[in-house]
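Undergrad: Here you go, one structure.
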């Protein structure tokens, strides 16, 4: 029931976004404006508050290396096929790789953590991994490959130029140092950050208007590969690692596999929009994995809960 409630909330907000796009309520440039608002303002504030309030001991539990390896396996497989077999451009392959291994640990992971896993902080290690490690690497690759120039200075300055990385690093510093931030100082970040999830979901819903999933002439094979890796391969890899390498049992093993079975994050679509590459690939993978992951999560719950 918890899984159904979490997904019902997400679907409802996406549906509102679709309706906004259908009636053209906000004008032709609304989708672009919302995307930039989420990328540069809302998401950094949210990431700062989530990581700043996380338990450091939980952040660096066994869940972190297991999630990292499972994500890297999916990303590596997609990159190998897309770059070596299909000869796809690096920016497009990067978005597809993110779609294969970057889970929705926030928008869906937090509700699932509350309603299914019984602990709202369960997804915090995955959020840490993605925002401190995976996102900076991927965004650096996208920034360099889409700008048309390779500069060591540009690469080194990427962390201080990207608002998502800045917000994540600052939040981690607060958590690690146990810095106490006065409530009036933290409140604006919490207020602004609270708008990130609904705005991203609304923008995603608006992008669905006038579009067909897996339409002819789009990245069908890339979408199918990314969706298969995300829904089938990643949970199995997490289970194998948790069961036979880290020897997890019971609820701890269940948590690891559930988080690996989460769908592709809407942030991947947000990144694709930001850099103007593979938006259809990101959108279709997010939609397919979001729709089908509920089946995967129910199966995982039946086998391991």
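Undergrad: Which whole-number percentage describes the relative contact order of the chain, with Cα contacts under 8 Å and a sequence gap of 6 or more?
TA: 34
Undergrad: Among 31, 249, which comes first, second and so on when ranked by fewest other beta-carbon atoms within 10 Å?
TA: 249, 31
Undergrad: Sticking with this structure for a sec: Please give the contour-minus-distance gain from residue 221 to residue 302: 0.36 nm per residue of separation, less the Cα-Cα distance, rounded to one decimal in nm.
TA: 26.1 nm
Undergrad: Here's another thing I want to ask about it. Between rounded, prolate and oblate, where does the range 35-82 land on the alpha carbon gyration tensor, with a ≥ b ≥ c its root eigenvalues, rounded for a/c under 1.5, else prolate if a/b exceeds b/c?
TA: Oblate is the answer for the range 35-82, as a/c is 1.5 or above yet b/c matches or exceeds a/b.
Undergrad: What length, rounded to one decimal in nm, is gained on full extension from residue 173 through to residue 190, with 0.36 nm per residue of separation minus their alpha-carbon distance?
TA: Details: separation 17, 0.36 × 17 = 6.12 nm, distance 1.71 nm.
Stretched fully, the residue 173-residue 190 segment lengthens by 4.4 nm.
Undergrad: What order do you get for 295, 13 when you list them from fewest to most C-beta neighbours inside 10 Å?
TA: So the ranking, lowest neighbour count to highest, is 295, 13.
Undergrad: Okay, moving on. Could you grab the Rg to Rh ratio for the chain? Cα atoms only, Kirkwood for Rh.
TA: Ratio of gyration radius to Kirkwood radius: 0.94.
Undergrad: Rank by packing, highest mean first: peptides 161-174, 51-64, 272-285, with packing defined as the count of other Cβ atoms within 10 Å averaged across residues. The partial results should precede the final answer.
TA: Numbers: 161-174: 19.4, 51-64: 17.1, 272-285: 23.6.
For the peptides 161-174, 51-64, 272-285, the packing ranking is 272-285, 161-174, 51-64.
Undergrad: How are the C-alpha pair distances of the range 1-132 spread across 10 Å bins, as whole percents from the shortest bin up?
TA: Spelled out bin by bin, the range 1-132 gives 11, 29, 36, 22, 3 percent.
Undergrad: Where the centre of each part is set by its Cα atoms, how far does the range 72-113 sit from the range 235-305, in angstrom?
TA: Each part reduced to its Cα centre gives a spacing of 11 Å.
Undergrad: Helix-only mean residue ellipticity at 222 nm, the chain, DSSP H runs n ≥ 4 weighted -39,500 (n - 2.57), per residue, nearest 500. What is it?
TA: Only helices count here, giving -21000 deg cm²/dmol.
Undergrad: So if we plug the beta-carbon distance of residue 137 and residue 291 into 1/(1 + (r/R0)^6) with R0 = 30 Å, what FRET efficiency do we get, rounded to 0.05?
TA: Once the sixth-power term is evaluated, E becomes 0.60.
Undergrad: Taking the alpha-carbon set of the range 197-294, what are its Rg and Dmax in Å?
TA: 15.5, 48
Undergrad: Let me ask something additional. Give the calculated FRET efficiency between residue 243 and residue 84 to the nearest 0.05, with a Förster radius of 25 Å applied to their Cβ-Cβ distance.
TA: After rounding to 0.05, the efficiency reads 0.20.
Bear in mind that the values in this text are calculations on the coordinates, not laboratory data. What you are looking at is a predicted structure, and each value in this text was computed from that prediction instead of being measured. Here Cβ is always computed from backbone atoms with ideal geometry, including for glycine, and neighbour counts include all displayed protein chains.
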